[in-house]
Amino acid sequence: MKTSKKKNPGAAVTAVVTRIIHGDSIKGSDDLGNYYNTQAELAQHQAINRDGWYATNIDWWEQDGGGGYGGSTDEEAMIGDGGGQADGVEGLAFLDRLILESSSKNNSKKLKFARAIDAGAGVGRVTKHILLKRYDCVQLVEADSGWSKRSKTYLGRKRAARCTFTCSRIEELDQDSDDTSSIDLVWLQWTLQYLTDTDAVETLQNLAARLILKTGIFIVKENRPYGAARQDRFQMDTPGVSGRYDITRSDDHHRLLFQRAGLTVNQTEEGVETNSYALSLTV
């Protein structure tokens, strides 16, 4: 969940050529030394351990249990360092370039800026630094009740008045909600890494169903392998070694999940440690 240190507000958004990803091409390892030759092998192992891993993560995120990554501020507890503001600048620049490009290409499809969802919101860092600067109101969806309550203080009275707060795991978010096809933007950042592949696909489908057709924007930002790590291999951390479950997926691994969720990658941007994706429903 480390933030990207790269400050690139002027970077170009890259258009993406659609390609089919196959599960047999997804490979990687965990911190116990196990190697997985296919995505199916990974998914099977995740399914067996899912409930125990999730229970550990719940304890890990609770403020009484350590509050995530710790640190001296709420933002450091969310992302593990003091780069929250720089990440917000980067994210806002990415969003603004998407808005500008979409507006110029689709003059007949006027974008709206009424409602956004911050999925896996934590203390509301993305809402504060990005979403409330462009959207009228934001729904913060956060699983931990302590962080959900804390977000109201973190945002302050004026910002919080423009928000609604939903305490729910995103993979369990009500699929019969009245929000279907009524949301202008969904922002999902550093959250898929804590979900199994199966839950990640279902979450993406559920959130995408809430977007306004044709003009709704879906942004996903996640870590990627970098540095000495092989960029085409996932790395999975498990509670027994790392104290929590999370998985750093490769670009192709993320694209496979998007593909299975019925989503198309329209734009992408690479940070030092992250990939940002702009998605839409596949027609």
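Couple of notes before you dig in:
- Long-range neighbours under 6 Å by Cβ, at least six apart or interchain, first residue free of Cβ contacts under 8 Å to residues at least 40 places away in the same chain within segment 210-230, second surrounded by fewer than 21 Cβ atoms within 10 Å (Cβ to Cβ): P225/Q231
A quick yes/no check of all residues on (1) in a helix (DSSP H, G or I); (2) modelled with pLDDT under 95:
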residue	(1), (2)
R19	no, yes
S29	no, no
L42	yes, no
W60	yes, yes
G70	no, yes
N107	no, yes
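- Meets criteria (charged (D, E, K, R), at pLDDT 95 or above and open to solvent by less than 50 Å² (accessible area, probe 1.4 Å)) for D24: no
- Matching entry among A116, A121, A143 (being over 24 Å from W60 (Cβ atoms) and surrounded by 19 or more Cβ atoms within 10 Å (Cβ to Cβ)): A116
- Of residues in segment 261-279 being among the polar types (S, T, N, Q) and surrounded by fewer than 19 Cβ atoms within 10 Å (Cβ to Cβ), the one farthest from T203 (Cα to Cα): N266
- Residues located in segment 152-175, provided they are modelled with pLDDT under 90, within 23 Å of I217 (Cβ to Cβ) and either open to solvent by 40 Å² or more (accessible area, probe 1.4 Å) or touching a Gly at 6+ places or on another chain (Cβ under 8 Å) (or both): D174, Q175
- A Cβ distance below 9 Å, combined with a sequence gap of six or more or placement on separate chains, defines the contacts here; from segment 11-31, residues that are farther than 26 Å from L92 by Cβ reach residues that are among the hydroxyl-bearing types (S, T, Y) and at pLDDT below 90 in the pairs T18/T282.
- Given (1) open to solvent by 50 Å² or more (accessible area, probe 1.4 Å); (2) at pLDDT 95 or above; (3) over 19 Å from the mean Cα position of the chain (by Cα), number of the condition T180 does not satisfy: (2)
Residue by residue, here is whether (1) modelled with pLDDT under 95; (2) assigned to a helix (DSSP H, G or I); (3) hydroxyl-bearing (S, T, Y) holds:
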{"position": "D199", "(1), (2), (3)": "no, yes, no"}
{"position": "L207", "(1), (2), (3)": "no, yes, no"}
{"position": "R230", "(1), (2), (3)": "yes, no, no"}
{"position": "M236", "(1), (2), (3)": "no, no, no"}
{"position": "S280", "(1), (2), (3)": "yes, no, yes"}
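- Candidate set from segment 238-266 (those that are assigned to a loop (DSSP other than H, G, I, E, B) and either on the phi < 0 side of the Ramachandran plot or of a type in the set (S, T, Y) (or both)); member that is modelled with the lowest pLDDT: R244
- Selection status of T191, closer than 19 Å to G23 by Cβ, in contact (Cβ under 8 Å) with a residue 12 or more places away in the chain and surrounded by 19 or more Cβ atoms within 10 Å (Cβ to Cβ): no
The values are calculated or read from the model by the stated rules, or taken from the named source; none is laboratory data. Predicted model only: the values in this text are computed from it and were never measured. So basically every Cβ, Gly included, is an ideal-geometry build from the backbone, and we count neighbours across all protein chains shown. Heads up: the accessible areas ignore ligands, DNA and RNA and are worked out on the full protein's heavy atoms, side chains in. Shrake-Rupley method; radii C 1.70, N 1.55, O 1.52, S 1.80 Å.
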